[in-house]
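Participant: One structure coming up, written as structure tokens, with questions to follow.
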Amino acid sequence: QVQLVESGGGLVQPGGSLRLSCVASGSLRRPYIMGWYHQAPGKQRELVAQMTGGGVTTYADSVKGRFTISRDYAKNTVYLQMNSLKPEDTAVYYCMVPTPSKNYWGQGTQVTISS
């Protein structure tokens with residue numbers, strides 16, 4: 001079992017910044033991928049960014065140049081620094097760790113961009 005706990009969501013104005021954090025615990029086998037997904041109302045959950053155990057990153061086109069994913073391997077923590085936020089970034093953001101048996105998800109943290 002893997003447990004994921006996200007934090008850092010909130011309400012910010014367009015152009016603002018937020019930093020999300022996700023701490024993983026449980027049966028983790030290194031190296032492992034950690035990723036961020038988001039889901040807006042009425043839409044499917046989609047990948048925002050992910051980082052492999054070796055540090056290779058992937059970003060959705062919509063966030064390239066604005067969001068940065070990083071990890072603290074010693075703390076089993078992944079971060080998502082979100083800058084130049086737009087109203088269309090509004091969504092619930094989920095942390096995800098894939099394993100051979102299943103994908104583990106956090107509970108989600110709401111990010112709302114509004115003036």
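Each row is one residue, and each column tells you yes or no for (1) on the phi > 0 side of the Ramachandran plot; (2) free of Cβ contacts under 8 Å to residues at least 12 places away in the same chain; (3) open to solvent by 20 Å² or more (accessible area, probe 1.4 Å).
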| site | (1), (2), (3) |
| --- | --- |
| Arg19 | no, no, yes |
| Val23 | no, no, yes |
| Met34 | no, no, no |
| Tyr37 | no, no, yes |
| Glu46 | no, no, yes |
| Thr52 | no, no, yes |
| Asp61 | no, yes, yes |
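Participant: On to the next question. When you check Asp72 against the structure, is it open to solvent by less than 60 Å² (accessible area, probe 1.4 Å), charged (D, E, K, R) and at negative phi, yes or no?
Facilitator: When the stated conditions are applied, Asp72 passes them.
Participant: Inside segment 1-17, can you point out the residues that are open to solvent by 20 Å² or more (accessible area, probe 1.4 Å), in contact with a Gly (Cβ under 7 Å, 6 or more places away or on another chain) and not in a loop (DSSP other than H, G, I, E, B)?
Facilitator: Residues satisfying the conditions are Gln3, Val5.
Participant: Of everything in segment 80-107, what is surrounded by fewer than 18 Cβ atoms within 10 Å (Cβ to Cβ), over 15 Å from Gly15 (Cα atoms) and not hydrophobic (A, V, I, L, M, F, W, C)? Give them in sequence order.
Facilitator: Listed by number, the residues that qualify are Pro98, Thr99, Pro100, Ser101, Lys102, Asn103, Gln107.
The values are calculated or read from the model by the stated rules, or taken from the named source; none is laboratory data. Because the structure is predicted, anything quoted here is derived from the model rather than measured. Glycine gets a Cβ as well: all are built from the backbone with ideal geometry, and neighbour counts include every protein chain shown. SASA here: full protein model, heavy atoms, side chains in, ligands and nucleic acids out. Shrake-Rupley method; radii C 1.70, N 1.55, O 1.52, S 1.80 Å.
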